[in-house]
Amino acid sequence: MLKVGLTGGIGAGKSEVSRLLVEQGAVLIDADRIAREVVAPGTAGLAAVVDAFGEGVLAEDGSLDRPKLGSIVFADAEKLAVLNSIVHPLVGARSHELEEAAAEDSVVVHDVPLLAENGLAPLYDLVIVVDASPETQLDRLVRLRGMTEGDARARMAAQATRDKRLEIADVVIDNDVPLEVLQRRVRDVWAELVRRARGASE
């Protein structure tokens, strides 16, 4: 098994790369999706969040009101640390379960937005960084996601710097390119990942 960490700045195209890797045969473990699952209605995770932050973080249907919780924790580093102390261990445990269920010769890709920020590179055999220029990121966020330029710049500034991400990269996929070029690049990277996975399982 080859454990790959995949990351990239907002708007760099990480989700597109993860989709292309799955098409090639990767087992994808998506940290963001798992983070939503572990605080779904009826879970111990949601109960712990309500214990910590009160019933006010629930929507009318009993699910977590993410915007409301976000407005609380992103304005207060201590409260954000409390939330992370609840959610991160649950995400880690679920990720481990999914990894254990994968076949021995699998390429398991962990899609982790905050891999650089949280110092997680040592957990993986290989780290792939999807890279794009700040201009490209800004254009995609405004044009494709409908953000204002101010919001987009704030989101970009809240993440690790481009240099910090590139420092931890074993493989860089440059995504300042048309989709068909990106597809070729991902296929080339996939061939290398498969070769490494075979070597690791022998």
*Note down all Cβ pairs under 8 Å where the first residue falls in the stretch 24-39 and is under 23 Å from Val57 (Cβ atoms), the second is among the basic types (Lys, Arg), and they're at least six residues apart or on different chains.*
Ile34/Arg94; Glu37/Arg94; Val38/Arg94
*asked:* I need the full set of residues from the stretch 159-202 which are acidic (Asp, Glu), within 22 Å of Glu23 (Cα to Cα) and over 20 Å from the mean Cα position of the chain (by Cα), in order please.
replied: Glu180, Asp188, Glu192
*Could you identify the single residue in Ala169, Ala158 that is of a type in the set (Gly, Ala, Ser) and surrounded by 15 or more Cβ atoms within 10 Å (Cβ to Cβ)?*
Ala169
*Does Asp105 fit the bill of being open to solvent by 60 Å² or more (accessible area, probe 1.4 Å) and either within 24 Å of Val130 (Cβ to Cβ) or modelled with pLDDT of 95 or more (or both)?*
no
*When the residues of the stretch 145-196 are filtered to those that are in contact (Cβ under 8 Å) with a residue 12 or more places away in the chain and assigned to a loop (DSSP other than H, G, I, E, B), which remaining residue is farthest from Gly8 (Cα to Cα)?*
Arg145
*Looking at this structure, is Arg196 at pLDDT below 95 and either among the hydroxyl-bearing types (Ser, Thr, Tyr) or over 27 Å from Val107 (Cβ atoms) (or both)?*
no
*asked:* Looking at the structure I just gave you, is Ala152 open to solvent by 60 Å² or more (accessible area, probe 1.4 Å) and under 19 Å from the mean Cα position of the chain (by Cα)?
replied: no
*Among the listed residues Ala93, Ala47, Ala40, which satisfies the condition of being more than 25 Å from Ala152 (Cα to Cα), part of a helix (DSSP H, G or I), open to solvent by 10 Å² or more (accessible area, probe 1.4 Å) and modelled with pLDDT of 95 or more?*
Ala47
*Within the stretch 36-58, can you find the residues that are in contact with a Gly (Cβ under 7 Å, 6 or more places away or on another chain) and of a type in the set (A, V, I, L, M)?*
Val38, Val39
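Residues to consider are Leu98, Leu28; find the one that is closer than 19 Å to Ala197 by Cβ, not basic (Lys, Arg) and not in a helix (DSSP H, G or I).
Just one listed residue meets the conditions, Leu28.
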*Pro122 passes all but one of (1) open to solvent by less than 50 Å² (accessible area, probe 1.4 Å); (2) modelled with pLDDT of 95 or more; which number fails?*
(1)
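The values are calculated or read from the model by the stated rules, or taken from the named source; none is laboratory data. These figures come from a predicted structure and were not determined experimentally. All Cβ positions, even for glycine, are placed from backbone atoms using ideal geometry, and neighbour counts span all protein chains on display. These accessible areas exclude ligands, DNA and RNA; they are computed on the full protein's heavy atoms, side chains included. Shrake-Rupley method; radii C 1.70, N 1.55, O 1.52, S 1.80 Å.
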